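All remarks here apply to the structure that follows.
Computed from the coordinates by the stated procedures, all read-outs in this text should not be read as laboratory data. In this text the structure is predicted, and so the values were computed from the model without any measurement. In this analysis, Cβ positions are derived from the backbone assuming ideal geometry, glycine residues included, and neighbour counts consider all displayed protein chains.
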Ligand code: UD1
Ligand code: CA
C-alpha cells in the first residue's frame with residue numbers, strides 16, 4: 001500500500017498573506033492541488049494532509065478527496081508527521097511530502113518509491129549551486145547519507161555543502177511510527193524536525209538511501225512570492241514543452257498558459273495570450289487565436305476559436321467561434337456550427353451546421369440542425385424569478401432582432417420575421433410575424449429637415 005503524509009500546517013510567514021501558504025496558486029491551481037494531483041498520478045492510494053494554519057481553506061479546496069490530520073500548535077515538520085495517526089499500523093511505504101513542493105512530478109515520485117524498495121528510509125536530494133536556506137545533506141567517507149543539518153544549525157563547513165534536502169522522504173510505515181517518538185526539539189528552532197529521522201533510522205541499524213534528482217528546479221520549496229513566480233514559470237515551460245513534443249505548435253510559448261490537465265491534438269496551433277484552466281481537451285488541426293480563455297472544455301477537430309471565452313462547454317468538429325463570444329454553463333455545440341462575434345450562449349445545445357453569427361444571446365435553449373439566427377436575437381429566458389426553456393426545430397429561420405419569450409417552441413422550418421416578439425409556439429413550417437405595421441406619413445421627413 002502506498003500512503004502519503006502531506007505537511008501543510010505551517011503558516012508560511014514569508015508569503016506575507018492571509019492565505020495559508022499551500023493555497024497560493026502556481027500556474028493554474030494552488031500548490032496543494034498540484035501536490036494532490038501528482039501523488040494521485042504516481043499511484044498513491046491514501047493521502048493524509050496535515051492542516052493547521054488556514055486548515056479550512058485547504059479543506060474547502062480538497063474536500064473529501066483526502067483524509068485530514070490537525071496539527072495544533074505547529075511544532076515543526078516532525079511534529080506534523082506525528083499527527084497523521086490514521087496511518088498507524090498500516091503496511092507498506094509512506095511518503096512524507098512537504099506541501100510547498102508543487103513541481104515534483106509523478107514520474108519522480110514513482111522513481112522514489114522504486115528506490116525505496118532497497119531501504120527502510122529514502123530521501124530525495126538534489127544539488128544546488130546556491131543551497132540557500134535548504135537543509136544540507138551530510139555524507140560519510142563511504143558517501144552514505146549520515147544526517148540532514150538544517151540551515152540554522154549548520155556549522156561553516158556544513159554550509160558549504162551543495163547537496164540539499166528536498167523535503168520528500170519515503171519510509172517503511174511501521175518503522176516510521178515506531179521511531180517518531182524518538183524525535184526531540186533540541187535544535188536552533190526548538191522544533192521537531194522530520195529530518196532527524198535519518199539519524200534515528202541509522203542508529204537502529206536500518207538502511208538510509210538518497211535519490212539524487214537531476215532537475216533541481218523541479219525540487220524547489222516555495223517559501224515566498226518570488227519562488228512562487230519561479231515555480232509557475234518552471235511549470236509553464238514543462239507543460240508547454242510536453243504539448244509541443246506531442247505535435248502542437250505554440251506560436252509564443254512564453255505567453256501561452258495551458259493547464260496541467262490539457263491535452264491537444266497534432267497540428268493544432270495556439271497563438272499567444274491564450275489561457276486554459278481545468279480540464280481542457282482540444283482536437284487536431286484547430287486554431288486557438290489570441291485572447292481566448294478556456295476552462296473545462298472539450299473541442300473537436302478542425303475548429304477555430306477566436307478571442308472568446310468558453311467554460312464548461314463541449315464543441316464538435318469544424319466549429320468556428322468568435323471573435324469575442326462567450327459560451328458557458330454546459331453548452332453543447334454540434335459539428336460545423338458557426339458562432340460569430342459577440343454571441344453569448346448559456347446552457348444551450350446547437351445542432352449540426354446551425355449558424356449564429358452576430359450579437360445574439362441564446363440561453364437555456366435546445367436548437368436543432370441548420371437553424372439560422374439573424375443579428376441581435378434574444379431568448380428571453382428569465383422573468384426575474386425563474387428560468388424558462390426555448391426549443392427551436394431543425395431548419396428554422398430566426399430573423400434579426402427577434403425576441404423569443406420562453407417557454408416557447410418553434411417548429412421545424414418555421415420562419416420568425418425580423419423584429420418580432422414571439423411569445424406563443426410556432427408550428428412546423430409556419431411563419432410568425434409579431435410587430436406593429438409600418439405607417440407612411442407622406443413628405444414628413446423632408447418637412448422636418450427643412451424646419
Ligand atoms: C524543510 C526542511 C529542509 C528542507 C526544506 C525543503 C525540515 C525541518 N526542514 O525546511 O531540510 O531543505 O524543507 O524545502 O523539515 N509544516 C507543517 N507543520 C509544521 C511546520 C511545517 O505542516 O509545524 C509544513 C509547512 O506547511 C510546509 C512544510 O511543512 O508545507 C515545510 O515546512 P517549511 O517551514 O517550509 O520548512 P523549511 O524551512 O522550508
Ligand atoms: Ca519550505
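A few points about this structure:
- Computed on the chain, the Cα convex hull volume stands at 208 Å³ per residue.
- Paired Rg and Dmax values of the stretch 346-451, which use every Cα atom, in angstrom: 16.3, 54
- With each label modelled as a point 7 angstrom along the Cα→C-beta vector, the residue 72-residue 233 pair spans 4.0 nm.
- Sorting 294, 70 from the fewest to the most surrounding beta carbons within 10 angstrom yields 70, 294.
- Estimated FRET transfer efficiency when R0 is 25 angstrom, pair residue 143-residue 224 (beta carbons, to 0.05): 0.15
- Theoretical gain in end-to-end length, residue 185 to residue 405 [0.36 nm per residue, Cα-Cα removed]: 72.1 nm
- If the segment from residue 214 to residue 388 were pulled out straight at 0.36 nm per residue, it would be longer than the present Cα-Cα gap by 56.8 nm.
- Net length gained if the chain between residue 199 and residue 174 were fully extended (0.36 nm per residue, minus Cα distance): 7.3 nm
- Listed by Cβ neighbour count within 10 Å, with the fewest neighbours leading, 24, 279 appear as 279, 24.
- Pairwise centroid distance, computed over Cα atoms, of the stretch 252-274 with the stretch 99-120, Å: 28 Å
- DSSP bridge pairs, the stretch 1-66: antiparallel proportion in percent, nearest 5: 20 percent
- C-alpha center-to-center spacing [the stretch 290-356, the stretch 129-179] in angstrom: 53 Å
- Listed by Cβ neighbour count within 10 Å, with the fewest neighbours leading, 190, 358 appear as 190, 358.
- With a Förster radius of 51 Å applied to the C-beta separation of residue 63 and residue 441, the computed FRET efficiency comes to 0.15.
- Here the relative contact order of the chain, from alpha carbon pairs under 8 Å that lie six or more residues apart, stands at 8 percent.
- Site pair residue 434 and residue 111 shows an inter-label distance of 6.7 nm when each label is modelled 7 Å from Cα along Cα→Cβ.
- With the simple model of a label 7 Å out from the Cα in the direction of the Cβ, residue 37 to residue 207 spans 3.5 nm.
- Separation of the stretch 400-417 from the stretch 218-234 is 54 Å, based on Cα centroids.
- 17 Å cut-off, amide nitrogen to a point 7 angstrom out along residue 375 Cα→Cβ, residues in the stretch 334-354: 339-344
- Antiparallel beta bridges, as assigned by DSSP with both residues in the chain, represent about 15 percent of the total such bridges.
- Fraction of beta bridges assigned by DSSP in the stretch 370-451 that are antiparallel (%, nearest 5): 5 percent
- Radius, Kirkwood style, for the stretch 275-367 when every pair of distinct Cα atoms is counted (Å): 12.3 Å
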